[in-house]
Amino acid sequence: MKKMFGEFKEFISKGNVLDMAVGIIIGGAFTAIVNSLVQDILNPLINTILGGFSFDSMNLIVKWPWIKGINEAIYATNPSTWQEVLRKIFPNPIDYPVFCFGNFISAIITFFVTALALFILIKSINKAKAMTEKKKAEEEAAAPTTKICPFCKSEINIEATKCPHCTSDQPKA
């Protein structure tokens, strides 16, 4: 038990777990922001453009005849024991199922807005990273790669210890 606790403590104290926890917390806050953007700004804008049409009111009532038969069997006037149990669990009979696919469309819009926001965020981070790496590469490229031999005045590699032209030993810097 003590060994397992020590392993767990080591696992928790790793930086990756803490980074992941921070990411999950920020992700939750980001989700709340995107949900608010979609529900409070985009959906009303779309509803206005569509002339007051709301996704939330979109639903489909499935009127299958066998559903009525099941409900009538469950809520019959002379119920058997299992029907009485069902009546206690479901006190109000449901005539037909209603599929609210408007909420699903709102969830799809939320997903695409979230994906777009993450895409823009990651693209900007990658662009900033590329600019930093480019700046580093330019600084490294700006550093001299050649030097002048003090004896024959030829241009030689900065790391050369002997001049390839005059074969003289190069002084140490």
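Side notes on the structure shown:
- Residues that are assigned by TED's automatic domain parsing to the domain that holds VAL113, modelled with pLDDT of 80 or more and not aromatic (Phe, Trp, Tyr) number at least 3 in the following helices (runs of 4 or more DSSP H) confined to region 13-74: 15-36, 43-49.
- Lone unmet requirement of (1) over 27 Å from PRO44 (Cα atoms); (2) in a helix (DSSP H, G or I) for ALA115: (1)
- Inter-residue pairs, beta-carbon under 6 Å, first touching a residue at least 60 places away in the same chain (Cβ under 8 Å) and at negative phi and in region 102-119, second of a type in the set (Phe, Trp, Tyr) and surrounded by 12 or more Cβ atoms within 10 Å (Cβ to Cβ), 6+ apart: SER106/PHE55
- Selected residue (only one of ILE122, ILE108 is within 17 Å of ASN43 (Cα to Cα) and either modelled with pLDDT of 85 or more or part of a loop (DSSP other than H, G, I, E, B) (or both)): ILE108
- Selection status of ALA141, under 52 Å from the mean Cα position of the chain (by Cα) and surrounded by 10 or more Cβ atoms within 10 Å (Cβ to Cβ): no
- In region 37-51, the residue that is farthest from PHE112 (Cα to Cα) out of those that are of a type outside the set (A, V, I, L, M) and surrounded by fewer than 11 Cβ atoms within 10 Å (Cβ to Cβ) is GLY51.
The values are calculated or read from the model by the stated rules, or taken from the named source; none is laboratory data. Predicted, not measured: the structure shown is a model, and the values here were computed from it. A quick note on method: Cβ atoms are made from the backbone with ideal geometry, for glycine too, and the neighbour counts reach across all protein chains shown.
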